[in-house]
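Asker: Take a look at this one; I'll ask things after.
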Amino acid sequence: MRRMRALGLLALIGLLGILTGAEARRAQKAKGKTEKSKTTTANVSDLHYEVNALNVLSALQASPRQLKSMQTVVATTMQKPPPVKKVKVSEGFLKTLRGLRDALMANDQKEIEKQSAQMDALREKESPEIDDVDITAAARKSAPTVLRIFSARQVAGYLSSVSEFPDPLDALRAGFQQSRKLKGADWQAFRDRMADEVGWLVAGVDAEAEEKVRDKATALLDRAAKLSDKDFTAERSKLDSDARALIGKLGPTDVIRNYMERMLAELLSNYRLGAVIDAKLKQVK
């Protein structure tokens with residue numbers, strides 16, 4: 001009897017061991033899931049805009065001499081630093097953003113490609129809310145001059161890094177097509193995005209001219225949206241003709257110049273640009 005009781009006790013201990021082990025494994029799995037999805041709040045904006053500035057300078061292959069030329073104007077063109085806004089992101093997002101910044105600073109192309117791919121995936125997954133940079137009046141004024149410090153080869157190299165180069169006529173035509181599919185707030189958001197793009201592609205860094213073109217583009221897109229499907233088909237060629245008239249005599253090289261000047265105006269407004277240039281120049285001393 002005692003032997004049977006002893007065996008029963010051993011069996012019970014063994015069962016408890018199995019249950020404890022299973023519980024430990026479940027706890028470990030839960031811990032692993034928690035660590036993977038662990039989030040943090042951080043001032044992501046500073047890192048984000050440092051990466052933006054470094055991406056442009058890297059694509060342009062800006063030389064130390066060119067960086068010094070830019071350094072003389074950034075103090076007057078940069079947007080004032082916005083109030084600190086902490087955003088909830090995963091720790092993986094923050095780590096990858098820092099890794100991309102460091103890779104760009106070191107000009108490590110292999111690491112840049114690796115970190116950029118990871119960053120693109122994380123941005124799409126998490127979509128953190130980061131405020132846009134407001135283009136300053138001084139940046140608009142300085143952008144054409146800054147563009148001239150870069151060579152044609154550098155500009156061509158930058159343009160080759162743009163995956164989908166925009167075109168104002170294509171943007172309006174895309175708007176016409178989407179006016180058949182989108183309604184309400186979705187249509188308004190798409191229309192505004194297309195009208196904004198057409199505005200600066202046609203007018204460049206001239207803020208007043210940009211506003212006028214944007215208003216005309218918005219009106220033209222709204223006109224298309226109000227047509228019935230039957231009337232839209234009948235009016236399609238007229239809409240296309242009016243789109244061409246809105247763009248005027250703008251040629252492809254004009255669009256390229258406007259694109260580059262707009263991009264540089266955004267860069268010059270970036271409140272982290274001065275710190276980035278200073279850090280890059282320290283590397284060559």
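The values are calculated or read from the model by the stated rules, or taken from the named source; none is laboratory data. The model shown is predicted, which means the values in this text are computed figures rather than measured ones. Please note: Cβ atoms are built from the backbone with ideal geometry, for glycine as well, and neighbour counts cover all protein chains shown.
Asker: Going residue by residue through the range 44-67, is there one that turns out to be surrounded by 16 or more Cβ atoms within 10 Å (Cβ to Cβ), within 21 Å of ASP278 (Cα to Cα) and in contact with a strand residue (DSSP E or B) (Cβ under 8 Å, 6 or more places away or on another chain)?
Answerer: Yes, the conditions are met somewhere in the range 44-67.
Asker: Among residues belonging to the range 124-145 that are among the β-branched types (Val, Ile, Thr) and part of a loop (DSSP other than H, G, I, E, B), point out the one that is farthest from LYS238 (Cα to Cα).
Answerer: ILE130
Asker: Residue check, GLU91 against (1) farther than 19 Å from LEU267 by Cα; (2) modelled with pLDDT under 90, all met but one. Which one?
Answerer: Among (1) farther than 19 Å from LEU267 by Cα; (2) modelled with pLDDT under 90, GLU91 violates only (2).
Results for (1) assigned by TED's automatic domain parsing to the domain that holds ASN258; (2) among the acidic types (Asp, Glu), shown as yes or no for each residue.
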site	(1), (2)
VAL155	no, no
ALA174	yes, no
GLN177	yes, no
ARG180	yes, no
ASP196	yes, yes
TRP200	yes, no
GLU208	yes, yes
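Asker: Among TYR259, TYR271, which is surrounded by 17 or more Cβ atoms within 10 Å (Cβ to Cβ) and either charged (D, E, K, R) or part of a helix (DSSP H, G or I) (or both)?
Answerer: TYR259 is the lone residue from the list that is surrounded by 17 or more Cβ atoms within 10 Å (Cβ to Cβ) and either charged (D, E, K, R) or part of a helix (DSSP H, G or I) (or both).
Asker: Conditions first: (1) touching a helix residue (DSSP H, G or I) at 6+ places or on another chain (Cβ under 9 Å); (2) surrounded by fewer than 17 Cβ atoms within 10 Å (Cβ to Cβ); (3) closer than 30 Å to LEU60 by Cβ. ARG236 passes all but one, so which condition is the exception?
Answerer: Of (1) touching a helix residue (DSSP H, G or I) at 6+ places or on another chain (Cβ under 9 Å); (2) surrounded by fewer than 17 Cβ atoms within 10 Å (Cβ to Cβ); (3) closer than 30 Å to LEU60 by Cβ, only one is false for ARG236: (3).
Asker: Further, regarding this structure: How many of the residues making up the range 165-208 are surrounded by 15 or more Cβ atoms within 10 Å (Cβ to Cβ), among the aromatic types (Phe, Trp, Tyr) and within 16 Å of ILE256 (Cβ to Cβ)?
Answerer: Here the count works out to 1.
Condition check ((1) within 20 Å of the chain's Cα centre (by Cα); (2) within 22 Å of ALA195 (Cβ to Cβ)) across all residues:
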residue	(1), (2)
PHE93	yes, no
LEU100	yes, no
MET105	yes, no
SER116	yes, no
SER127	yes, no
THR145	no, no
ARG148	no, no
LEU172	no, yes
GLN178	no, yes
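Asker: I'd like the residue in the range 129-143 that is over 15 Å from the mean Cα position of the chain (by Cα) and not polar (S, T, N, Q) and, out of all such residues, is surrounded by the fewest Cβ atoms within 10 Å (Cβ to Cβ).
Answerer: Filtering first and then ranking leaves ALA137.
Asker: Is there a residue in the range 209-230 that is under 20 Å from THR145 (Cβ atoms) and surrounded by fewer than 20 Cβ atoms within 10 Å (Cβ to Cβ)?
Answerer: yes
Asker: Looking only at residues that are more than 22 Å from PRO83 (Cα to Cα), without any contact (Cβ under 8 Å) to a residue 24 or more places away in the chain and of a type in the set (S, T, N, Q) in the range 95-128, which one is surrounded by the most Cβ atoms within 10 Å (Cβ to Cβ)?
Answerer: GLN115
Asker: Those residues that are touching a residue at least 60 places away in the same chain (Cβ under 8 Å) and either assigned to a loop (DSSP other than H, G, I, E, B) or within 26 Å of the chain's Cα centre (by Cα) (or both), I need them from the range 205-245; list them, please.
Answerer: VAL205, ASP206, ALA207
Asker: Now a separate question. Across the range 146-177, which residue is farthest from ARG272 (Cα to Cα) among those that are without any contact (Cβ under 8 Å) to a residue 24 or more places away in the chain and assigned to a helix (DSSP H, G or I)?
Answerer: GLN177
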